[in-house]
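Everything below concerns the one structure shown next.
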Amino acid sequence: MRTKFKVAIAAALLALPVATIVHPVDAATKVTVVKLKKSDFQPYRDPADMRKMTGTYWKKSSETKKAYPNLRKVKNLNLRVSILGNRTYVRSGKKVLYTMYSSAGRIVNGKSLTPRGTYHTNAYHPHRFSEALYPVGWIGQLYLFHSVPTHEWSNEFVASETHKLGRMPASHGCIRLSVRDAKWLHDHVPYHTKVEVHYK
């Protein structure tokens, strides 16, 4: 992994509004300074109706005006996760139908705890498991989409974690969503839906 990208990942972890990246140009002492906004890590622009990340936004739908899509009418349905962009996209092919705040696996030693690659939803749990609501597996029961975390076998959410949603990678490897988004995904996304996970 190139030095520039390693520092970019570290900056994303810190959730800085603007990340300043310094990397060598050649063997001499010259350096290039590159400024990256958080939006530079997102493959798509946020829609105009994205909910402001204030109050209990983490309980609600990520978009305020657009309804969740009717998936029975969607061709080439897939879910596209941006680890550093802190977003999950419901798509028809490459077209974004709905944008969700998300938080994937935190960065450890320059690498996210969330595996990258192409997978499929393959495990649907009841409406809760030990430390979150509405779990949907995409690598068995090991890596899941689910709500922001709760205390173990409790309906009480972990206050120190809720406001990380949409701001930084923060999980042990699963993809966290808002409570409302997680419920919709759990109840409506079909079995074997394609899941693409990327850094950007």
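The values are calculated or read from the model by the stated rules, or taken from the named source; none is laboratory data. The model shown is predicted, which means the values in this text are computed figures rather than measured ones. So basically every Cβ, Gly included, is an ideal-geometry build from the backbone, and we count neighbours across all protein chains shown.
Results, tabulated for the structure shown:
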read-out	value
Residues satisfying the stated conditions in the range 137-164, i.e. of a type outside the set (D, E, K, R) and under 19 Å from Lys111 (Cα atoms)	Ile139, Leu142, Tyr143, Leu144
Test: residue in the range 159-172 that is at pLDDT below 95 and among the charged types (D, E, K, R)	no
Segments classed as strands (runs of 3 or more DSSP E), wholly inside the range 107-155, with at least 1 members that are in the same structural domain as Asp181 (by TED's automatic domain parsing) and surrounded by fewer than 21 Cβ atoms within 10 Å (Cβ to Cβ)	117-120, 136-139
Total residues in the range 171-188, condition buried (at least 20 other Cβ atoms within 10 Å of the Cβ) and not in a helix (DSSP H, G or I)	6
Pairs where the first residue, in the range 60-76, is in the same structural domain as Thr88 (by TED's automatic domain parsing) and under 12 Å from Met50 (Cα atoms) and the second is at pLDDT 95 or above and of a type in the set (Val, Ile, Thr), C-beta under 9 Å, 6+ apart	Lys60/Val179; Ser62/Thr88; Ser62/Thr99; Glu63/Thr99; Lys66/Thr99
